[in-house]
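Sending over a structure as structure tokens; questions will come in a sec.
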Amino acid sequence: MYIPEYHAKEILARYGVTVPAGGIARSVTEAEDRARALSSERFAVKAQILAGGRGAAGGVVMAPTPSAVGEAAARLLGARLVTAQTGADGETVERVYVEEAVDSAANLYLAFVIDPSAARPMLLGSTRGGVDFERDAQADPSIVNTLHLGHDGAADDAAMSGFLDGLEVPAPARDAVRTLIDATIRAALRNDALFVEINPLILTPDNRAVAVDAKMILDDSALFRHPEFESTAREAVRDDYERIARENDLNFVRLDGNIGVVVNGAGLGLATNDMIADAGGRPANFMDIRTTATSFQIARGVELLLSDPGVKVLLVNVHGGGMTVCDTVAEALNFAYSRSDRKVPVVFRAAGQSADWARSIMKDRRLPHETAPTMRAAAARAVAIASGKGA
Amino acid sequence: MAILIDADTRVIVQGMTGRAGTFYTDLAMRYGTECVGGVRPGKGGTTHIGLPVFNTVAEARDATGANASLILVPPHRAADAMIEAIEAGIGVLVCVTERVPVLDMLRVKAALDGSESVLVGPNSQGVLSPGLCKIGVMSTRDATPGPVGVVSRSASLTSEVVAQTSALGLGQSTTIGIGGDPVHGLGFADALRMFRDDADTRAVVLIGEIGGTEEEAAAEYLAGSDYGKPVIALVVGRHAPAERRMGHAGTLAMLGARSAAQKAQKLADAGVLLAEDADAVAPLVKKALAGD
């Protein structure tokens, strides 16, 4: 779950990370009031969206006066911001964060991540913090220093000292940076964060270490022990399709094609979408029916696809086994089609447990479908129907 | 013959008295798995579906001689269940539980360090040595004993490959789901090493996907070893959109995660035969074994 800047800073500040004074605003007046309440000579107005890459996309505006803050807020609020991480549609700015601008002697980069192969947390640090960090780091990974922590987040003093050397932290600022790093690790571990990024981590001319921008990604699997994030979790799912799917034990990602895909299992889902693309088609979604999903829940997923006018055909690819058996999916299709006026053709491919039974359900209930013997044949038929060459 | 588990494996089930535990323990016994007991704190001394229930793994081990455990406990207790089994010296742990918190898995991995236990999972369909032993939740309908080892990140594609290879008259020695979670136990390279040392495995199928670095680790291992058996790989997610919203695409790249195409290329460079899609796996195995 992605935690936007203002919330990430709130969390980090609770553990002792220094952040600039500031606050959230939903309107121009609110933004100006925020600025007036800050004792600062310069302000930053920052669009709050659920993605990074804002700086380079014009989502962060520096303003010299409270009225200039208002003007910047007027431009940002309600606008669609397209960044390298939002996708082509961008995201509408509903909130801005107004904060004091911080004088910078050095712009560093700091991140807490989990290194899966070492099964340990790891710090990433660089002297090249700022909006171009991602690009620079991809071009030249050697600008990033790493430090593995113990599995419980413990840091070895000597190793940490080396890490600070790599960040070229001047002696008078070392204690401040070390304090910020320790607080960041504590915040990450206590909140089940998989990723905390502070970019830039600014060293001020008077040797303070300030987290000027921050984002966090929390582990969705650990939300059960963080009831305080429940409302954040609800806000984080912006797409109604994905929300309804999630409530029904389906993993569902909307894509931009015209072939609706109903599949059990993430691997089979990826494999099916690969085959559609290989056959020259475009999937409308990625779906993975979780093993615990009932036929009623799967039917909700099918209804989502039927409600999308762009979907021309459904490709159903199920491998029965474990708990999800093929007839559960056939029953779900039957249920969804009986409740929908829109009945797009189905290409049905089933294998494994109850495949024969599932095919007989499709036939007996007179669902508009054809069966296919292999996945490749099913994909080819779906692509032909979607492109109008089917019948 | 098989790796990890065989006819002599004695299995306890942690979480046996729950709904899933009851269902899958029953199925495993019907398949012929030697299930010797279950663990459920507070229910020690009772019996469930004909098996003795113990309060702790250590008690179950002492009373039954168990050397493997199937872990089917809810996510918030899964890490402690795994650590308990490791501390009790159980040889093979299979954790099916989905959505175990990542930080909990760091604790589990620390407990595994220096132990003799092998962990498969979490979020794994399990391990199956057809005709000998099943520890997991996979379908056994299409599985047949034979020469093909399968190691996979996907339960559904494992079922596909099992059905496809069986249909061509090629059975499986052992199938292993390493699980879909970022921090997990046994990896592709570990499984490949075990399959190499198993005389009855004559070819290995590896089923990978986008994300993580398992495929890269497998490629590195194969490139540096004289493997001696054909390895056939399918890597899915070639056309999956780049991860959206995640503010760490660059960071992931720094940690070494590559696209499906890049993973496939690394495997091909290490001498692996690449299946162009999910329908192409079994024919490729058959061809590789015919020329063997």
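Rg(Cα) of the protein assembly as shown divided by 2.2 N^0.38 Å?
1.01
Further, regarding this structure: Cα convex hull of region B:10-120: how many Å³ per residue?
Convex hull of Cα atoms, per residue: 87 Å³.
Now for a separate question. What's the total accessible area buried between chains A and B, using a 1.4 Å probe, rounded to the nearest 100 Å²?
Adding both sides of the contact gives about 4500 Å².
Next up: Between B:D269 and B:R30, what FRET efficiency follows from the Cβ-Cβ distance if R0 is 41 Å, with the result rounded to 0.05?
0.40
In nm, to one decimal, how far is the modelled label at B:A110 from the one at A:E230, with both set 7 Å along Cα→Cβ?
3.1
Of all beta bridges DSSP finds with both residues in the protein assembly as shown, what is the antiparallel percent, to the nearest 5?
Working: 57 of 110 bridges.
Approximately 50 percent, going by the DSSP bridge assignments.
In region B:193-243, what is the volume of the convex hull around the alpha carbon atoms, normalised per residue and reported in Å³? Working shown, then result.
On the way: hull volume 3.9 nm³, N = 51.
Spelled out: Cα convex hull of region B:193-243, divided by residues, is 77 Å³.
Could you work out Rg/(2.2 N^0.38 Å) for region B:83-174, with Rg from alpha carbons only? Provide the component values of the computation, followed by the final result.
Values: Rg = 14.8 Å, N = 92, 2.2 N^0.38 = 12.3 Å.
Output field value: 1.21.
Specify the residue with the greatest mean-square fluctuation among B:G38, B:G126, B:G171, computed from a Gaussian network of chain B linking alpha-carbon atoms under 10 Å apart.
So, out of B:G38, B:G126, B:G171, the one fluctuating most is B:G171.
From the phi angles alone, apply the Karplus equation (6.51, -1.76, 1.60; θ = phi - 60°) to region A:78-91 and give each ³J(HN,Hα) in whole Hz, x where the residue is Gly or Pro.
Ordered by residue, 3J(HN,Hα) equals x, 7, 9, 9, 10, 10, 4, 10, 8, x, 5, 6, x, 9 Hz.
Then there's this: In degrees, nearest 10, range 0 to 90: what is the angle between the Cα axis of helix B:75-87 and the longest Cα principal axis of chain B?
Roughly 80 degrees between the two axes.
Can you list the aspartates and glutamates whose alpha carbon is less than 18 Å from that of B:K266, not counting same-chain residues fewer than 8 positions off?
B:D190, B:E209, B:E214, B:E215, B:E216, B:E220, B:D226, B:E276, B:D277
Something else now. Along the Cα-to-Cβ line of A:R246, 7 Å from the Cα, sits a label point; which residues in region A:64-104 have backbone N less than 11 Å from it?
Under 11 Å, as judged by backbone N against the label point of A:R246, lies no residue of region A:64-104.
Taking a cut-off of 19 Å between Cα atoms, list the lysines near A:K215, but don't count ones fewer than 8 places away on the same chain.
A:K9, A:K46
Multiply the residue separation of A:R342 and A:T179 by 0.36 nm, subtract the distance between their alpha-carbon atoms, and state the gained length in nm to one decimal.
Here the segment from A:R342 to A:T179 would lengthen by 52.7 nm.
Can you give me the accessible area per residue for region B:2-108, using a 1.4 Å probe, in Å²? Walk me through the numbers on the way to the answer.
Details: 4080 Å² over 107 residues.
Per residue, region B:2-108 has 38 Å² of solvent-accessible surface.
Report, in whole Å, the centroid distance computed from the Cα atoms of region A:191-215 and region B:33-50.
51
Something else now. Report, in listed order, any pair from A:K343/A:K363; A:K312/A:K343; B:K229/B:K286; B:K134/B:K229; B:K263/B:K286 with a Cα-Cα distance greater than 21 Å.
In this structure, B:K134/B:K229; B:K263/B:K286 lie more than 21 Å apart at Cα.
What does the helix-only formula give at 222 nm for chain A: each DSSP H stretch with n ≥ 4 adding -39500 (n - 2.57), the total divided by the residues, and the result rounded to the nearest 500 deg cm²/dmol?
Values: 13 runs with 141 residues, N = 391.
Mean residue ellipticity, 222 nm, calculated: -11000 deg cm²/dmol.
Nearest 20 debye, what's the magnitude of the dipole of region A:232-391 about its Cα centre given +1 on Lys and Arg Cβ and -1 on Asp and Glu Cβ? Don't jump to the answer; show the numbers that get you there.
On the way: 20 positive and 18 negative charges, 78 e Å.
That gives region A:232-391 a dipole magnitude of about 380 debye.
Could I ask something else about it? Out of A:P141, A:P66, A:P20, any idea which swings most in a Gaussian network model of chain A, alpha carbons joined below 10 Å?
Judging by the Gaussian network model, the answer is A:P141.
First measure r as the distance between the Cβ atoms of A:R36 and A:A159, then evaluate 1/(1 + (r/R0)^6) with R0 = 41 Å and state the FRET efficiency to the nearest 0.05. Walk me through the intermediate numbers first.
On the way: r = 46 Å, r/R0 = 1.11.
Result of the calculation: an efficiency of 0.35.
To test your reading of the geometry: what angle, between 0 and 90 degrees and rounded to tens, separates the Cα axis of helix B:281-290 from the longest principal axis of chain B?
80
I've got another one for you. How big is chain B by Rg and Dmax over its Cα atoms, in Å?
Looking at chain B, its Cα Rg and Dmax stand at 18.8, 57 Å.
If you don't mind, another one. What's the extension gain from A:D89 to A:D356 if we count 0.36 nm per residue and subtract their Cα-Cα distance?
Values: separation 267, 0.36 × 267 = 96.12 nm, distance 4.29 nm.
This chain segment gains 91.8 nm when fully extended.
Beyond 19 Å, what share of the Cα-Cα pairs of region B:141-290 is found? Please give it as a whole percent.
So the pairs more than 19 Å apart make up 49 percent of the total in region B:141-290.
Shifting gears a bit: Once the Cα atoms of region A:21-101 are picked out, what are the Rg and Dmax in Å?
Every Cα atom of region A:21-101 included, Rg and Dmax give 11.9, 38 Å.
Cα axis of helix B:102-112 to longest principal axis of chain B: angle in degrees, 0 to 90, nearest 10?
80
Here is a further query. So if I place +1 on the C-beta of Lys and Arg and -1 on the C-beta of Asp and Glu, and nothing else carries charge, what would the dipole magnitude of region A:21-101 be about its Cα centre? I want it in debye, nearest 20. Mind dumping the intermediate values first?
On the way: 9 positive and 10 negative charges, 18 e Å.
Dipole about the Cα centre, nearest 20: 80 debye.
Still on this structure, please answer the following. Return the ratio Rg/(2.2 N^0.38 Å) for region A:239-386, where Rg is computed over Cα atoms only.
Dividing the Cα Rg of region A:239-386 by 2.2 N^0.38 Å gives 0.90.
Further question on the same structure: What do you reckon, how do A:K46, B:K287 stack up by accessible area (1.4 Å probe), largest on top?
B:K287, A:K46
Could you calculate the contour length gain from B:R19 to B:D226, that is, 0.36 nm times the residue separation minus the distance between their Cα atoms, to one decimal place in nm? Don't jump to the answer; show the numbers that get you there.
On the way: separation 207, 0.36 × 207 = 74.52 nm, distance 4.58 nm.
Fully extending the segment from B:R19 to B:D226 adds 69.9 nm.
The values are calculated or read from the model by the stated rules, or taken from the named source; none is laboratory data. Just so you know, these numbers come straight off a predicted model, no measurement behind them. FYI the Cβ positions are ideal-geometry reconstructions off the backbone, even for glycines, and counts take in every protein chain you see. Remember, those area values only see protein heavy atoms, side chains included, never the ligands or the DNA or RNA. Shrake-Rupley method; radii C 1.70, N 1.55, O 1.52, S 1.80 Å.
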